[in-house]
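Notes to accompany the following structure.
The values are calculated or read from the model by the stated rules, or taken from the named source; none is laboratory data. Treat the numbers as computed from the prediction; the structure is a model and nothing was measured. Counting neighbours? That spans all protein chains shown, and the Cβs are built from the backbone with ideal geometry, glycine included.
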Amino acid sequence: MKRVLYAIAIVLIFSSMTLASSLMTEEDGIAFMREEEKLAHDVYTILYEIWGLNVFSNIARSEQTHTEAVLSLIGDFGMLDPVGENEVGVFTNATLQELYDELIESGSKSLLDAVKVGLLIEEIDIKDLEELLEGDIDSRTATVYENLLRGSENHLRAFLRQYERLAGSYTPEILDVERFNEIASGR
C-alpha cells in the first residue's frame, strides 16, 4: 500500500509540473528546462553509481549535452543560469529539488524502480517540451526544444526496453497511451 501511495505522489508531482509549463514565459521555460535536464542527468548519474546499468551512464552523457544546449539559450537571452555551479543533486527550483530527492529515494530501492524512474523522467520531459513548443517562442528556442524532444523520445525507448526485460509491459504514468505507443514504436 505504501508503494502505491508513493507512486501516486510521484505522478501528482510530475502532473503538476506539466501544468506549470503552459503558463511560463519563454525565459521561464528555458530556465525550467535547464534545471529539468540537469535533474535527468543527476538522477541517471546516481542511479548508474548504484546499479551499474549502462543505460543510465549513456543517457546521463546525453543529458549533459541537453543541459549545455539549454545553457546556450540562456546565454542568447542574457539570462542568469539557474544551475550556476550547483553540484549534483542541488537545484534552485524547490519543486525540482523535492522531485530529485523523491526520485533518488525511489530509484534506490530496486533496479526495476530505477528503470521506472527513468521512464517517468522521460515522460515528463516529453510532455513539458511539447507544451513549451506550443508557446510563443523564437525559432532558435524551438529548434533546441525539438532536438531535446527527439533525444527524450530515444531515451524513453531505451528505458522501455530495459523495463520490458525486467518486468514485461509498462503502462505510461504521464503521457496518454496513444502518444506513448507512438513514441515507443518509433513513429
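The table for this structure:
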{"quantity": "Number of positions in segment 38-64 that are buried (at least 23 other Cβ atoms within 10 Å of the Cβ) and of a type in the set (Phe, Trp, Tyr)", "calculated": "2"}
{"quantity": "Given (1) touching a Gly at 6+ places or on another chain (Cβ under 8 Å); (2) more than 27 Å from Val55 (Cβ to Cβ), number of the condition Ile104 does not satisfy", "calculated": "(2)"}
{"quantity": "Lone qualifier among Asp136, Asp128 - being farther than 21 Å from Ala60 by Cα and at pLDDT below 95", "calculated": "Asp136"}
{"quantity": "Meets criteria (touching a residue at least 40 places away in the same chain (Cβ under 8 Å), under 26 Å from Thr143 (Cα atoms), touching a helix residue (DSSP H, G or I) at 6+ places or on another chain (Cβ under 7 Å) and not aromatic (Phe, Trp, Tyr)) for Ala40", "calculated": "yes"}
{"quantity": "Those residues of segment 45-86 which are farther than 28 Å from Thr143 by Cβ and out of contact with any helix residue (DSSP H, G or I) (no Cβ under 9 Å at 6 or more places or on another chain), in sequence order", "calculated": "Gly52"}
